[in-house]
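K.L.:
Shown below is the structure under consideration.
The values are calculated or read from the model by the stated rules, or taken from the named source; none is laboratory data. The model shown is predicted, which means the values in this text are computed figures rather than measured ones. Calculation scope for accessible area: heavy atoms of the full protein, side chains included, ligands and nucleic acids excluded. Shrake-Rupley method; radii C 1.70, N 1.55, O 1.52, S 1.80 Å.
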Amino acid sequence: MPLLLPDIQELEIVEEDIDEQVHAKLIVWNDDINSFDWVIESLMTVCDHTHEQAAQCAWIIHTKGKYAVKSGPLSEMRPMREALVDRGIG
């Protein structure tokens, strides 16, 4: 029995921005250089965290060694990463 395929009249190619589809996590590592206050201020400024969110992130970074402080499309995470690195946060 032959396989019946639908009659294809036109093939549409849709180009999508792959970068927008990639889900990324922005991870901050603990260090002995940056103060809690500086990390909190930086997360509030760069990642738009509330003071409470930033303080919780800073505490987790300090106790666990690293933490994903933000997640979203790669195109949004890259500039935030660069801004944190410019502030001396890795």
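K.L.:
Mind putting together the pair-distance distribution for the range 32-90? All Cα pairs, 5 Å bins, whole percent per bin, short to long.
P.N.:
Using 5 Å bins, I get a P(r) of 4, 20, 32, 29, 13, 2 for the range 32-90.
K.L.:
If you don't mind, there's one more thing I want to ask. Leaving out ligands and nucleic acids, note down the accessible area per residue over the range 36-90 with a 1.4 angstrom probe, in whole Å².
P.N.:
Averaged over the residues of the range 36-90, the accessible area is 60 Å².
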